[in-house]
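I have placed the structure first, in the form of structure tokens, so that the comments after it can refer back to it.
The values are calculated or read from the model by the stated rules, or taken from the named source; none is laboratory data. Since we're looking at a predicted model, the values are computed, not measured. With ideal geometry, Cβ positions are generated from the backbone for all residues, glycine too; neighbour counts draw on all protein chains shown. SASA here: full protein model, heavy atoms, side chains in, ligands and nucleic acids out. Shrake-Rupley method; radii C 1.70, N 1.55, O 1.52, S 1.80 Å.
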Amino acid sequence: MDGSPAFNPALVALECADCGARCDLTRPRGTCPSCGRPLVAVYDLERVRAETPRDSLGRFGTDLWRYRAVLPFAPDFPVVRLGEGGTPLLPLARLGESVGVAELWMKEESGNPTQSFKARGLALAVNGALAFSREGIALPSAGNAGSAAAAYAAAAGLRCRVAVPDDTPEAFVVEARAFGAEVRLVPGTIAEAGRALAEWAAGPQWWNVATFKEPFRLEGKKTLGYEIAEQLAWRLPDVILYPTGGGTGLVGMHRAFREMAAMGWTSGPMPRLVAVQVNGCAPVVRAFDAGAPRVAPWEHAATVASGLRVPSPFADTLILAAVRESGGTAVAVAEEDMLDAMNDLAGTEGCLVCPEGAATLAALRQLRRSGEVRATDRALIYDTGSGLKYPEAWRLALARRASGEEVAR
């Protein structure tokens, strides 16, 4: 494509997922210039397949840059990297048996830089800011994204501003400030933080790396799909349950599975994707159940899982398309079931998970009861970050364990 030498020659264009407009990379691109909706990267997959056979990936290392052939940057672009990706896929044999599925796996993302999956997307977003010659980045965050953005901005020599809800767990605020970011606490949810950020860190001086407000966070998150495919010997699971706030990982995996199928790296049906939310904030579930094309904002969003407290995800059309096109579903779980799942993953499998990750186990149990997940299914859930950053949630979970209120299973 015609654009900066910083970009992958196989990157054909940035395409608007809503109106179909295509953009080159001759100048910085955030969202679609025609309709303001998210842009996604489009690759010449025939070229990638010819130049990068699947069994040659080992020459690119063990982190997410192993999949550089389908990432936006040129081979000689000096990317900033902190060891993102390459996280383990854990077999959960005991919980799989108790839930009643043929196989149960958990992608454990807490080993990423800043201890969460957000490192994948923000690594790509910050490198995109460098490729676009930006000097500062900014974003609203519920916690983990702000920490990751601050870390990569520090490593890249960029300024960073982060707006977070004022009830964000202290660990996230301390971490972002430790990396040198300016952090502003805003009353309300991430939606209010986003509005505050628009005035505090306006463009063009500040490059907005919020979820789907630039095209490269999605590219980092899609490596989740490539990794689980390779870790499972290119035999994809039947169903994947993913905690869905802004939805970048869900949409990214959907794109990854389509890319791999087009290149002949995988065969057979794609996994059914399940968007997991909580009863206190379930705008995607409500829209999915209603057959709606868009997500309406959720009022009075409330949950201890701060990453799921996203009242109005910007990429709603992409999230709904990923779920529907994969034959998946969307499910909301009770807060209490999520807290119980935290205890179960820790006490049964030795995994100190975040509440968002535990929500996926609670959702799997719910879908087994309804029959939407079958006993023969190979299921995969996600722990998106370390439980150590959620002392408030763990106090609640341990209090339930101590009081004997967990549901007997």
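Pairs of C-alpha atoms in the range 120-193 farther apart than 14 Å represent 52 percent of all such pairs.
Determine the share of the range 110-185's accessible area contributed by carbon and sulfur atoms, expressed in whole percent, with a 1.4 angstrom probe. Show your work: numbers first, answer last.
Working: 1030 of 2290 Å².
After summing per-atom areas, the C and S share lands at 45 percent.
Based on alpha carbons, the Rg and Dmax found for the range 21-145 are 18.0, 54 Å. Working note: Cα atoms of the range 149-236, range along each principal axis, descending, whole Å: 46, 30, 25. Taking 7 Å steps out from each Cα toward its Cβ at LEU398 and GLU103 produces label points 3.6 nm apart. If one computes P(r) from the Cα atoms of the range 250-409, what percent of pairs lie at distances over 19 Å? When every Cα pair of the range 250-409 is considered, 57 percent fall beyond 19 Å. Computed about its Cα centre, the charge dipole of the range 340-383 is approximately 260 debye, with only Lys, Arg, Asp and Glu carrying charge at their Cβ. Along the axis of the charge dipole computed for the chain (Cβ charges of +1 for Lys and Arg, -1 for Asp and Glu, origin at the Cα centre), the listed residues ALA201, CYS32, ASN8 are led at the positive end by ASN8. Around the amide H of ILE137, modelled in the peptide plane, lie the amide H atoms of ARG159, CYS160, ARG161, TRP207, all under 5 Å away and 5 or more residues distant in sequence or on another chain.
Taking 7 Å steps out from each Cα toward its Cβ at ALA292 and LEU90 produces label points 3.6 nm apart. Let me check against my output: what whole-number percent is the relative contact order of the range 61-179, with C-alpha pairs under 8 Å and at least 6 apart? Over the range 61-179, the number comes to 20 percent.
Taking the chain as a Gaussian network of alpha-carbon nodes connected by springs under 10 Å, the highest mean-square fluctuation of the residues ASP18, ASP63, ASP55 belongs to ASP55. Its alpha carbons give the range 189-269 an Rg and a Dmax of 16.3, 48 Å. With θ taken as phi - 60° and the Karplus curve 6.51 cos²θ - 1.76 cosθ + 1.60 applied, the whole-hertz 3J(HN,Hα) list for the range 192-207 is 5, 4, x, 5, 5, 5, 4, 8, 6, 9, 7, x, x, 4, 9, 8 Hz, x standing for glycine and proline. Counting only Cα atoms, the size of the range 310-367 along its three principal axes is 38, 23, 18 Å, in decreasing order.
Result for the chain in a Gaussian network model with C-alpha springs under 10 Å: among GLY96, GLY58, GLY307, the largest mean-square fluctuation is at GLY58. Counting lysine pairs in the chain that sit 8 or more residues apart in sequence, or on different chains, and whose Cα atoms lie under 17 Å apart gives 9. Label positions at SER370 and ARG27, each projected 7 Å from the Cα along the C-beta direction, are separated by 4.7 nm.
Of the Cα atoms belonging to the range 203-320, the radius of gyration and Dmax stand at 15.4, 47 Å.
Heavy atoms only, probe 1.4 angstrom, no DNA, RNA or ligands counted: give me CYS23, CYS35 ranked by accessible area, highest first.
Details: CYS23 10, CYS35 60 Å².
Output order, biggest surface exposure first: CYS35, CYS23.
Note that the range 270-286 has calculated 3J(HN,Hα) couplings of 6, x, 6, 9, 10, 7, 9, 10, 10, 4, x, 6, 9, x, 5, 4, 4 Hz, one per residue in order, obtained from phi through the Karplus relation 6.51 cos²θ - 1.76 cosθ + 1.60 (θ = phi - 60°); glycine and proline are x. Working note: Debye formula, equal point scatterers on the alpha-carbon atoms of the range 32-72, no solvent; log10 I(q)/I(0) at q = 0.17, 0.23, 0.33 Å⁻¹ is -0.56, -0.78, -1.15. Rounded to the nearest 20, the Cβ-based charge dipole of the range 270-326 about its Cα centre (Lys and Arg +1, Asp and Glu -1) stands at 60 debye.
Give me the percent of DSSP beta bridges within the chain that run antiparallel, rounded to the nearest 5. Don't jump to the answer; show the numbers that get you there.
Details: 14 of 45 bridges.
So the antiparallel bridges in the chain amount to around 30 percent.
Its Cα gyration tensor gives the range 4-88 an equivalent ellipsoid, and the semi-axes of that ellipsoid, as √(5λ) in whole Å with the largest first, are 26, 15, 13. Among THR31, THR360, THR244, the residue with the largest mean-square fluctuation in a Gaussian network model of the chain, with springs joining Cα atoms closer than 10 Å, is THR31.
Need one number: the % of Cα-Cα pairs in the range 344-409 sitting beyond the 20 Å mark.
On the way: 705 of 2145 pairs.
When all Cα pairs of the range 344-409 are counted, 33 percent exceed 20 Å.
Where does the range 242-287 land on the Kirkwood hydrodynamic radius, alpha-carbon pairs, in angstrom? The partial results should precede the final answer.
Working: mean 1/r = 0.0842 Å⁻¹.
Radius from the Kirkwood sum: 11.9 Å.
Across every pair of non-identical alpha carbons in the range 280-331, the mean reciprocal distance, once inverted, gives a Kirkwood radius of 11.2 Å.
Taking 35 Å as R0, compute the FRET efficiency from the Cβ-Cβ separation of CYS19 and ALA198 and round it to 0.05. Please report the intermediate quantities before stating the final value.
Values: r = 23 Å, r/R0 = 0.65.
Plugging the Cβ-Cβ distance into 1/(1 + (r/R0)^6) gives 0.95.
Gain on full extension, evaluated as 0.36 nm per residue between ASP167 and GLU299 minus their Cα-Cα distance, stands at 45.8 nm. With the whole protein complex present, VAL42 retains an accessible surface near 30 Å², based on a 1.4 Å probe. Taking amide hydrogens as placed 1.01 Å from N in the peptide plane, the amide H of ASP377 sits under 5 Å from those of ALA102, each at least 5 positions away in sequence or on another chain. Across the range 149-164, rounded Karplus estimates of 3J(HN,Hα) from the backbone phi angles (6.51 cos²θ - 1.76 cosθ + 1.60, θ = phi - 60°) give 4, 4, 5, 6, 4, 4, 5, 8, x, 9, 6, 8, 10, 10, 10, 10 Hz, Gly and Pro being marked x.
Dimensions of the chain along the principal axes, based on C-alpha atoms and rounded to the nearest Å, stand at 61, 48, 39, largest first. Rolling a 1.4 Å probe across the protein heavy atoms gives the chain an accessible surface of 37 Å² per residue. Along the charge dipole of the chain, pointing to its positive end and built from +1/-1 on Cβ of Lys, Arg, Asp and Glu, which listed residue (LEU130, ALA341, PRO243) has its Cα farthest out? The Cα lying farthest towards the positive end belongs to LEU130.
Mind putting a number on the dipole of the range 79-126 about its Cα centre? Charges go on the C-beta only, +1 for Lys and Arg and -1 for Asp and Glu, and I need it in Debye to the nearest 20.
Details: 5 positive and 5 negative charges, 40 e Å.
Computed charge dipole of the range 79-126: roughly 200 debye.
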